[in-house]
Structure formats: C-alpha cells, structure tokens
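*Asks:* One structure, as structure tokens, below. Some questions next.
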Amino acid sequence: MKLCFTAKGATLDSLSEDRFGRAPYFVIVESENGSFEAIQNPYADGAGGVGPKAAQVLIANNVKALISGQVGGNAKEVLAAAGIAMYIYNAGGSVKDAFDQFTKNTLVRS
Amino acid sequence: MKLAIASGKGGTGKSMVAANLAYTLSRTEPVTLVDCDVEEPNLHLFFPAPATTTEVTVPVPVVDETACQHCGLCEDFCQFGAMTVLSSRVLFFPELCHSCGGCMLVCPNDAICEVPKRIGTTTISTPPLNLKLISGMLDTGNPHAVPIIRAAKKLAEGDPLVICDTAPGTSCPVVETLDGCDACILVTESTPFGLHDLRLAVDVAARLGVPIGIVINRSDGKDQTTLEFCTDQDLEVMMTIPFEREIAAIQNRGDLLCRVQPEWQRAFTALLIKCKALAGGD
C-alpha cells in the first residue's frame, strides 16, 4: 500500500511538514517493503486552490493513505471522495519517525 | 471624468475624502459616487436613502454526469483547483472557481454548462441633491470582490463625474477600481505605516498609468518625510486636512465635514479642479 508523507525534503530522513497543500515534497513509501520515492510538490508556492491540486497528485500516484500535520477542507473533501485515508502526524520528526508511528498504529485518523 | 480615491493603508480617510468631495460637488453638478470597497462598503452611512438592490452573479460550471467520460481535461485546464475528476464523479469547488469558462470549452463531451451563482449585490440610491450613490456589496464568505466592483462601475458608465472609493491595500480590488480612471487621489497619513503603504499605492497607480495626486489627512504638522517623498516622486500634495478632534467627531457621528463646516467646501472644490488638471482635462 502506498503511503504519502508530507516532508520538507526528499528523503526518509527529511523533516515532516505539517501543511499538506504547500508541503515542499511528498515522500511516497511502499508499506510492504519500505521502498520510497519523493515527488516535488508543484503547487507548494501556488496562488490558490493548492489543496485540491495536491490531492490530485496523490490520486494520480495511487496513494492509499496520507500522513500529514493538517489537511484543509477542500483537500480533505477530494481525498475522502477518492478513498484516501488521512492520518495526523505533527510531532515534528522525520518521515521515518512518522512511518514508525504509522506502522505502530498510533496515529489518529483525520 | 472618472476619479478614484485610494490609499494603500487602511483608515487614512479615503471614504471621508470621497464623501465630502461628492457632497460638495453635488451641490452644483451631478455626481456619481461608487463605493468599490465591496467587502466593507460604508458610504451609504453618510447618505441614508432608500436604495434599489440588484443581484450580481458569476457563471459557474455544472457537470452533467451522464455525459461526462471523466477524462480529466477540465481538471488539467483549471489553474485554480476548482475541478477534481475522480473515476466516477467530478468534484467542483465554487469558491475556487474564477468563472473563466475554460472547463466548458475544453470538455470534449459537452458535459459542462454554466449557471449563474450569486456573489453579492449592487445598490443604487439617490440621496438629495444631484448625488447618485452606487454601492457594491460582496456576500459574506465569498472571495471574489472583482466582479462586484466591475458591476458597480458599470452602473456609473456614461455619467459625467464619477468618484470611486477603493478598498485599502494594493491587490486585485484596488487594481480593478483604478483601471480606466482618469486620475487618482491617494489619501495618506504622516506615519511610517502611511508612507510605507503610500509607496506601494503610488507604484500600482503608476503602473496602471493613472495620474496621482496626494491628500495628507490627520496632519499634525510634522509631514516632512511624506512631503520629501512627494517631492522626490514629483507628486503634488493637493490638500492637507489637520488632525483635529472636531473633524474626527463629525466623521464619527456619520456627518460630513463640508456640511457642518461649509468653509471646507472651497477646499474640496479646489481639489476637484486639481484632479481635472492631473487628468489633463479642462
């Protein structure tokens, strides 16, 4: 299952980013084997409507769950309609830390 | 002539200048005053009168799900994230839509049509004298002020003397109001904030090619920095209104300086003459 972590950088050691639509990177981790790829968010500096646009990136990449600090109303609506689960991680650690929390099932669903 | 009253900084006295200018001039000629501060219109408080209200709408898309093939072309086209196409349905966010009509044009299946959506109102009233007051008012929660301003300005089209009171700031609502005006009065105050925002407003008006004149309001006599800026930019200070408790009191009770202290009418008449000179007219 593909998980998307919002991040300030492009690796598993990068710090997590609390914002969804304006996150600099989406680090997409395959939960089965821990492999990952990073996508630079093209809407990080967009003028408006970045939430739904960023959600469209996740849909296009077949992501099944998003782990982020906070997700705005419009983005939430798109993600919910697309069947993408949302989990809150705002402890300020790395993507790896967030991934550990997710696998331990300690994150709250948004 | 079409004249805009702007400022950059909020609370410098745009509406005070606009209301007194319109009041004074309307004693001798027809004046149309347009309240383009559509998020917080307040000129009607100075000129209470029965008003006629008209709805302002913008076109927004509606998707016919039976004709839609969910190809995603509308989503790709929309730069504002207003359309998201899922495998079996389309999500539309009206508050993100800029009513450009592009989604309808790119749809290969003619599955999109447009319907009007209300975003606010315009009101027209004719208080006594020769004054026509037009106010734009944006509905609460709606983010798009520009179509309301456009509708309000359109109602004044063809009128001989139009005074547009702008919103504070230097963003889209101000640009839309200044666009097409023959001259612009920038009302400022002699504070660091006033000067900072005056610089921005001068830059915007200059880029739009609208001639600028300055009014200093609430002057405590220490206007040196502002005066230096105006000299440096070759801008005329057309009027200075002093910082006086009585002027503030008149304003605060919704009255007009030029009504209570008619000697001020001469200064506002002179202001119009200077604006006409700025605009290169008669």
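Where a number appears in this text, it was derived from the coordinates with a stated rule and is not lab data. Model, not experiment: these values are computed from the prediction. FYI the Cβ positions are ideal-geometry reconstructions off the backbone, even for glycines, and counts take in every protein chain you see.
*Asks:* From the residues B:Cys164, B:Thr140, B:Leu200, which one has its Cα farthest along the dipole of the protein assembly as shown in the positive direction, the dipole being from +1 and -1 charges on Cβ of Lys/Arg and Asp/Glu about the Cα centre?
*Replies:* B:Thr140
*Asks:* Let me ask another. Can you give the log10 of the normalised intensity I(q)/I(0) at q = 0.07 Å⁻¹, computed with Debye over equal Cα scatterers of the protein assembly as shown?
*Replies:* -0.47
*Asks:* What does region B:1-79 give for Rg and for Dmax, in Å, if only its C-alpha atoms count?
*Replies:* Radius of gyration, then largest Cα-Cα span, for region B:1-79: 21.3, 63 Å.
*Asks:* Could I ask something else about it? I'd like the FRET efficiency for B:Asn109 and B:Ser88, computed as 1/(1 + (r/R0)^6) with the beta carbon distance as r and R0 of 22 Å, rounded to 0.05.
*Replies:* Details: r = 15 Å, r/R0 = 0.68.
Rounded to the nearest 0.05, the efficiency is 0.90.
*Asks:* Put +1 on the Cβ of every Lys and Arg and -1 on every Asp and Glu Cβ in region A:2-109; which of A:Cys4, A:Gly51, A:Ala38 then has its Cα farthest towards the positive end of the dipole?
*Replies:* Working it through, the farthest residue towards the positive pole turns out to be A:Gly51.
*Asks:* Here's another thing I want to ask about it. Structure shown: which of B:Lys14/B:Lys154; B:Lys9/B:Lys154; B:Lys117/B:Lys154; A:Lys53/B:Lys154; A:Lys76/B:Lys9; A:Lys8/A:Lys104 lie over 29 Å apart, alpha-carbon to alpha-carbon?
*Replies:* Over 29 Å Cα-Cα: A:Lys53/B:Lys154; A:Lys76/B:Lys9.
*Asks:* Sticking with this structure for a sec: With +1 on each Lys and Arg Cβ and -1 on each Asp and Glu Cβ, and nothing else charged, work out how big the dipole of region B:24-153 is about its Cα centre, in Debye to the nearest 20.
*Replies:* Taking the Cα centre of region B:24-153 as origin, the dipole is about 440 debye.
*Asks:* Tell me, how many Å apart are the Cα centres for region A:71-110 and for region B:86-126?
*Replies:* 31
*Asks:* For region B:196-250 and region B:37-56, compute the distance between their C-alpha centroids and round to whole Å.
*Replies:* With region B:196-250 and region B:37-56 each reduced to a Cα centre, they are spaced 27 Å.
*Asks:* Give me A:Lys76, B:Lys9, B:Lys14 sorted ascending by neighbouring Cβ count inside 10 Å, so fewest comes first.
*Replies:* A:Lys76, B:Lys9, B:Lys14
*Asks:* Also, quick follow-up: Under a Cβ-only charge scheme (Lys and Arg +1, Asp and Glu -1), can you give me the dipole magnitude of region A:2-109 about the Cα centre, in debye to the nearest 20?
*Replies:* In debye, rounded to 20, region A:2-109 gives about 260.
*Asks:* If you don't mind, there's one more thing I want to ask. Please give, to one decimal in nm, the separation of the simple spin-label points placed at B:Arg259 and B:Glu244, each 7 Å out from Cα toward the Cβ.
*Replies:* Distance between the two pseudo-spin positions: 1.8 nm.
*Asks:* Name the long-range amide H neighbours of B:Ile241: under 5 Å, sequence gap of 5 or more, or other chain; modelled H, no Pro or chain starts.
*Replies:* Sorted by chain and number, the residues that satisfy this are B:Ile216, B:Asn217, B:Arg218, B:Ser219.
*Asks:* Across region B:82-96, in residue order, what do the Karplus-derived ³J(HN,Hα) couplings come to in whole Hz, using 6.51 cos²θ - 1.76 cosθ + 1.60 with θ = phi - 60° and x for Gly and Pro?
*Replies:* Per-residue couplings from phi come out as 7, 10, 10, 9, 9, 5, 10, 7, 10, 9, 10, 10, x, 6, 8 Hz.
*Asks:* Still on this structure: B:Asp159 versus B:Lys276, label points 7 Å from Cα toward the beta carbon: distance in nm?
*Replies:* 1.9
*Asks:* At a Förster radius of 35 Å, what calculated FRET efficiency corresponds to the Cβ-Cβ distance of B:Leu208 and A:Asp13, to the nearest 0.05?
*Replies:* My answer for the efficiency is 0.10.
*Asks:* In addition: Where does each of B:Glu114, B:Glu157 land when they are ranked from fewest to most other beta-carbon atoms within 10 angstrom?
*Replies:* On the way: B:Glu114 14, B:Glu157 10.
The order, fewest Cβ neighbours first, is B:Glu157, B:Glu114.
*Asks:* Can you compute the equivalent ellipsoid semi-axes for region B:59-118, i.e. the square root of 5 times each eigenvalue of the Cα gyration tensor, sorted largest first and rounded to whole Å? If you can, show how the numbers build up before the last one.
*Replies:* Values: eigenvalues 52, 29, 22 Å².
The three semi-axes for region B:59-118 are 16, 12, 10 Å.
*Asks:* So, one more: Out of residues 5 or more away from A:Ser94 or on other chains, whose amide H comes under 5 Å of its own, with H placed 1.01 Å from N in the peptide plane?
*Replies:* A:Ser16
*Asks:* Among B:Ile273, B:Ile250, rank each residue by its count of other Cβ atoms within 10 Å, from fewest to most, as a rough exposure measure.
*Replies:* By the 10 Å Cβ count, ascending: B:Ile273, B:Ile250.
*Asks:* What is the spin-label model distance, in nm, from B:Thr53 to B:Asp220 if the labels are put 7 Å beyond Cα along the C-beta direction?
*Replies:* 4.2
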